[in-house]
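Trainee: There's a structure below that I have some questions on.
Quick note: the coordinates plus some simple rules give every number you see, no bench work behind them. As the structure is a prediction and not an experimental result, all values here were calculated from the model. Reconstructed Cβ throughout: ideal geometry from the backbone, glycine too, with neighbour counts over all protein chains shown.
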């Protein structure tokens, strides 16, 4: 690809307007026509629902081959629609720039073109597509919400757009970016000529949100065996499609190397291991390179004589910013002298930063474009600074197959640093975990982002990500970064795989920076940080079941203080403090910010855990944040002045102002009925009148001499008062401690009516401690009463059992439109279907962001599980096991599957697995009911099974074993399976299988899929 010339447009033009000469492409193959877009939609639908990766690849291959046979060998029009991720940073499709369209604009446009009134429920639904409701199960996925709205009104039964026509329309839409009326007219044509289903996929293409379970690497591997290699060197989809149209044509080795002035896909870092020691172990015991991880924009610099070319990691051309030649740009004129005179051609890999000569430090990444466009050339203005860490090409020779140690050595011979313009990334040589920690200390003092550990013999793998380059960040180290306990106060709805409920959480600290003006004043909270990563699927199930309230921008929560000029700390919903919970958060550091009321926030935050052992009074106060900042500042000053470095002390948590510690009510005391007794009143989350009920109880207790507390501590005597029927999260944490009695509000009311404390008998208790149960008063007058349902634990009556299972008919083969049959005739054994035997979906080419773990971290869970989260308010324990759980157990267990080595042999087939055997003997041991008629026979069969498991490498463990992976039941007595599910659902779900599973695995000489016909969840 040719470099971009100096811009001829206005100084602040965001893009270069034209190139000196267009990119030269091979002559494309000729197509005889195009296919209806509806046929491609059929492919998308099949890919979206197909579970097996191999089957998806065969579907793609069959479709591609049929296009070649019927239409021609030019698949570029199809690839453009399958791989639409042509964002401003992405160069897959260089001819189609960004559309400038987001969900909000599309919603408003469709409301006008349908048309809908602004008060129409469907118009409101389109505008609030993220908001979950009881009736709308598709919230969080805009294309599906749009489809459901359009489907009610569209009269188009069969679409009339072809693949080529749709590409022309999308090109036109892209060229009309910023022109609202023009884009609206184009979308009107789409609405008039396509079916609702086709419009759903067109919107997915526009939003680059395909959800077809097929990665770029898979599409390329099916299209041509060398497609990924070529794309890695040019980042140009058209070139890939036209140069490799013939599957039998193979690239030469030199065609797969980096080329001057042509964007390539750079090598990336692997995500950090759990410990520093683990990272060091990956280096194989040799010395390794420790580089500073830079917080800028990944950039390639190509130099060909006096011509320069700059492009980003995603292939976007930035030459217009930094300069094509010595007389242009904000960087090139200042770095030409840095190169050795013998250097004619060179390619450097590095990071573009912003250097401030006044403060002598790097500025935030967000200022880069502004600085690059500044043409004042004043000496003390911030300027771009290119930090180089690798050299990949020199004077006609590619170096990507050379070791990184060699490449760095040659790089320093070819280049001389110019301070603040072009510099080498800071690096050290290390061999131990202590070396890494010492370097991390220095990086943190300079407010750096982290480190990158590189094996000295590592080659440069284009678009690769392997364990030769590993990034290490302070927030992933136990003894580094900042850890705080904050209160969750608000939430925002998610989209895509995390749609359907709250996805990100806004957290706050108690504002104790000013004394209360009134003894009865409720505590105020200051927004502090937003969290979007770190929580598991099970955590989100529990979080979404909380009693969230809708956020009204005109009347925000009174207890919460937010930033005046920011939307960052506002939520779609919020939680009252008494309904909320404490979240443990870790981040790299605390930094200043005007986006939060606190005036500070956390850099690269992630959730570590929900603190069920803490309550709202343990929330971090604002003074502790300020104290932590002072401690860090003092440590840095000591380091700068050469003072002996002392071990960092963790600031003690300041005591909260007494006014914030408990309830204060203006109530006249009329009796001393409850004098000397402390009460903690807990609201029922499921009650619509919980606030009023709680306030009324507080008044009754206070009026009759009782003491009130927000949280239970060492007060004696003390009672928790709770009027609900389910044990919600915070209440459970108190009950587990075994020292608190939980009474029902009726005891308060009956005592007041009697004029004296009523007997503390069984009927007044939601939960009683063992000491209370043994008292004479507890059983007095209640001999005939049965245990309260709430005390007995969550009812399993709503769980579907074998007796009421629905008979599931066998799935009928999917009917295929005869006109489409040839497009999807998958030949299972025909090797010609997929032109290459090599699968490019390797670990070295994982397609995720270099900063994905902090920018937009995707959960490790099976994404299907996100769609099962419902916002219904229910008991967390019961929320995790729905009434049809037994039938779905196998599918849910995919969420966290135990990794078993691929080379498992039959001799050790159960290695790494731990089994609990649900024998009658074990069942009684754990207090469960036994219904087996042949108890002795069942026990004996389990004893033999245990020997078999241990013989083949497995372990037989107790039900409480943390490493438990499988629960085995006998089909002659599966009455305990629901209870076993409940007991083993945390911290992750275990596989539930019948005893025949073991022998079946041995017969097949492999570990079978637990989700198949032999799982307990499928056994009838």
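Trainee: Grab the eigenvalues of the alpha-carbon gyration tensor for the range 486-556, scale each by 5, take roots, and send me the semi-axes largest first in whole angstrom.
Mentor: Output for the range 486-556: semi-axes of 28, 14, 11 Å.
Trainee: Just subtract the alpha-carbon distance of residue 716 and residue 912 from 0.36 nm times their residue separation and send over the number in nm, one decimal. Please list the in-between numbers first.
Mentor: Details: separation 196, 0.36 × 196 = 70.56 nm, distance 4.89 nm.
Contour length minus Cα-Cα distance gives 65.7 nm.
Trainee: Right, another one. With just the Cα atoms of the range 508-629, tell me how far they stretch along each of the three principal axes, in Å, largest first.
Mentor: Taking max minus min along each principal axis of the Cα atoms, the range 508-629 gives 42, 31, 31 Å.
Trainee: Continuing with this model, one more query. The range 103-207: Rg/Rh from Cα coordinates, Kirkwood Rh? Walk me through the numbers on the way to the answer.
Mentor: Details: Rg = 13.4 Å, Rh = 14.1 Å.
Across the range 103-207, the Cα-based Rg/Rh ratio is 0.95.
Trainee: So, R0 is 41 Å and r is the distance between the beta-carbons of residue 696 and residue 564; what FRET efficiency does that work out to, to 0.05? Show your work: numbers first, answer last.
Mentor: Working: r = 36 Å, r/R0 = 0.89.
Taking R0 as 41 Å, the efficiency between residue 696 and residue 564 is 0.70.
Trainee: In which sequence would 467, 682 go, from the one with the fewest C-beta neighbours within 10 Å to the one with the most? It would help to have the intermediate numbers written out before the result.
Mentor: Numbers: 467 18, 682 23.
By the 10 Å Cβ count, ascending, the order reads 467, 682.
Trainee: Additional query: Find the Cα radius of gyration of the range 268-476, compare it with 2.2 N^0.38 Å by division, and give the number to two decimals.
Mentor: Output field value: 1.02.
Trainee: Could you give the length gained by full extension between residue 128 and residue 958, i.e. 0.36 nm per residue of separation minus their alpha carbon distance, to one decimal place?
Mentor: Length gained, residue 128 through residue 958: 293.9 nm.
Trainee: If you take the beta carbon distance between residue 277 and residue 670 as r and set R0 to 60 Å, what does 1/(1 + (r/R0)^6) give as a FRET efficiency, to the nearest 0.05? Mind showing how you got there, number by number?
Mentor: On the way: r = 66 Å, r/R0 = 1.09.
The value I calculate is 0.35.
Trainee: Would you order 630, 271 from fewest to most other beta-carbon atoms within 10 Å of each residue's own beta-carbon?
Mentor: Values: 630 11, 271 17.
Lowest to highest Cβ neighbour count: 630, 271.
Trainee: Can I ask one more? Taking 0.36 nm per intervening residue step and subtracting the Cα-Cα distance, what contour gain separates residue 342 from residue 208 on full extension?
Mentor: So the chain would gain 43.7 nm between residue 342 and residue 208.
Trainee: I would also like to ask the following. Just to be sure I understand the model, the point goes 7 Å from the Cα along the line to the Cβ. What's the resulting residue 431 to residue 327 distance in nm?
Mentor: 5.6 nm
Trainee: Of the peptides 329-337, 692-700, 598-606, 999-1007, how do they stack up when ordered by the mean number of other Cβ atoms within 10 Å, highest first?
Mentor: Ranked from most to least packed, the peptides come out as 598-606, 329-337, 692-700, 999-1007.
Trainee: Which of 581, 220 comes first, and how do the rest follow, when ranked by fewest Cβ neighbours within 10 Å? Don't skip to the end; give the middle numbers.
Mentor: Working: 581 20, 220 26.
Least to most surrounded, the residues fall as 581, 220.
Trainee: What is the calculated FRET efficiency for residue 725 to residue 924, with r their C-beta to C-beta distance and R₀ = 30 Å, to the nearest 0.05?
Mentor: Given R0 = 30 Å and the Cβ-Cβ separation, E is 0.55.
Trainee: Hey, rough spin-label estimate for residue 160 and residue 438, points 7 angstrom out along Cα→Cβ, what's it come to in nanometres?
Mentor: Result for the modelled spin labels: 7.6 nm.
Trainee: Let me ask you something else. Kirkwood Rh, the range 210-308, all Cα pairs: how many Å?
Mentor: Taking every pair of different Cα atoms in the range 210-308, averaging 1/r and inverting gives 16.9 Å.
Trainee: Would you mind computing, in nm to one decimal, how far apart the modelled labels at residue 514 and residue 51 are, each placed 7 Å from Cα along Cα→Cβ?
Mentor: 5.9 nm
Trainee: What translational diffusion coefficient, to the nearest whole µm²/s, does the range 350-399 have by Stokes-Einstein, given a Kirkwood radius computed over alpha-carbon pairs, a temperature of 20 °C and 1.002 mPa s viscosity?
Mentor: The estimated diffusion coefficient comes to 173 µm²/s.
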